[in-house]
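Colleague: Quick one: this structure, given as structure tokens, is what I'll be asking you about.
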Amino acid sequence: MVGTKYLEVIDGVRDYLHKNGFPMVEVSGAQRFGASRTDMDSPWIDWAANSIRTTTGKAPAVLPNFGGSLPNDVFSEGLGLPTIWVPHSYPGCSQHAPDEHILLPVTEEALTIMAGLFWDLGEAPRKG
């Protein structure tokens with residue numbers, strides 16, 4: 001969640017486990033990024049959702065929070081930019097696991113969505 005003291009999570013989990021009878025458990029982490037949130041009133045939210053809806057004929061799921069698995073906070077918090085992430089997976093894909101995979105229909109839809117977004121962005125009126 002946005003505001004989570006993510007730099008303290010690993011120490012907090014380790015301390016909790018050790019204090020509750022699990023001193024043998026080692027807790028470590030390699031990467032930590034802050035969660036971020038895009039303002040749902042940003043015009044980019046509607047623009048991207050409409051583009052995806054037009055391209056696929058399906059209503060996209062719009063979630064304002066990004067959980068911190070990528071350094072999105074650099075853009076959203078550091079630079080104050082609205083960000084849009086379009087995942088191309090499904091719950092059983094085992095993303096980033098040794099048996100990670102993506103299905104052909106998911107890949108085809110992902111390519112279609114991204115082509116539509118880039119097409120619509122290229123067709124958007126320019127401000128002087």
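The values are calculated or read from the model by the stated rules, or taken from the named source; none is laboratory data. Everything numeric here is computed off the predicted structure, so don't read it as measured data. Note that each Cβ is placed from the backbone with ideal geometry, even for glycine, and that neighbours are counted across all protein chains shown.
Colleague: Out of curiosity, is F75 assigned by TED's automatic domain parsing to the domain that holds I113, within 27 Å of I113 (Cβ to Cβ) and at pLDDT below 80?
Modeller: So F75 fails the test.
Colleague: So which residues in the stretch 1-54 are outside the structural domain of P71 (by TED's automatic domain parsing), of a type in the set (V, I, T) and part of a helix (DSSP H, G or I), if there are any at all?
Modeller: V9, I10, V13
Colleague: Output the number of the condition that K58 fails; it satisfies all remaining conditions of (1) surrounded by 12 or more Cβ atoms within 10 Å (Cβ to Cβ); (2) out of contact with any strand residue (DSSP E or B) (no Cβ under 6 Å at 6 or more places or on another chain); (3) in the same structural domain as E109 (by TED's automatic domain parsing).
Modeller: Going through (1) surrounded by 12 or more Cβ atoms within 10 Å (Cβ to Cβ); (2) out of contact with any strand residue (DSSP E or B) (no Cβ under 6 Å at 6 or more places or on another chain); (3) in the same structural domain as E109 (by TED's automatic domain parsing) one by one, K58 breaks only (1).
Colleague: Only one residue in S36, S42 is free of Cβ contacts under 8 Å to residues at least 60 places away in the same chain, surrounded by 12 or more Cβ atoms within 10 Å (Cβ to Cβ), of a type in the set (S, T, Y) and over 27 Å from H96 (Cα atoms), so which one is that?
Modeller: Values: S36 fails: over 27 Å from H96 (Cα atoms).
Only one candidate passes the filter, namely S42.
Colleague: Report yes if A97 is closer than 27 Å to V2 by Cβ, loosely packed, with under 11 Cβ neighbours inside 10 Å and modelled with pLDDT under 85, otherwise no.
Modeller: Against the criterion (closer than 27 Å to V2 by Cβ, loosely packed, with under 11 Cβ neighbours inside 10 Å and modelled with pLDDT under 85), A97 qualifies.
Colleague: Still on this structure: In the stretch 73-86, which residues are outside any helix (DSSP H, G or I), surrounded by 12 or more Cβ atoms within 10 Å (Cβ to Cβ) and free of Cβ contacts under 8 Å to residues at least 12 places away in the same chain?
Modeller: Selection gives L81 alone.
Colleague: Further, regarding this structure: Which condition number in (1) farther than 30 Å from T112 by Cα; (2) of a type in the set (D, E, K, R); (3) touching a strand residue (DSSP E or B) at 6+ places or on another chain (Cβ under 8 Å) is the one that K5 fails?
Modeller: Condition (3) is where K5 drops out.
Colleague: Can you name the residue in the stretch 92-128 that is among the charged types (D, E, K, R) and either under 12 Å from I52 (Cβ atoms) or outside any loop (DSSP other than H, G, I, E, B) (or both) and is also nearest to the chain's Cα centre (by Cα) among such residues?
Modeller: E109
Colleague: Looking for whichever is under 30 Å from E8 (Cβ atoms), out of contact with any Ser or Thr (no Cβ under 8 Å at 6 or more places or on another chain), surrounded by 13 or more Cβ atoms within 10 Å (Cβ to Cβ) and among the aliphatic types (A, V, I, L, M) here; the options are L70, L63. Which one fits?
Modeller: Details: L63 fails: surrounded by 13 or more Cβ atoms within 10 Å (Cβ to Cβ).
When all the criteria are applied, what remains is L70.
Colleague: Another question about this same structure. Go over the candidates S89, S36 one by one and state the one that is under 28 Å from W119 (Cβ atoms), of a type in the set (S, T, Y), within 11 Å of the chain's Cα centre (by Cα) and modelled with pLDDT under 85.
Modeller: S36
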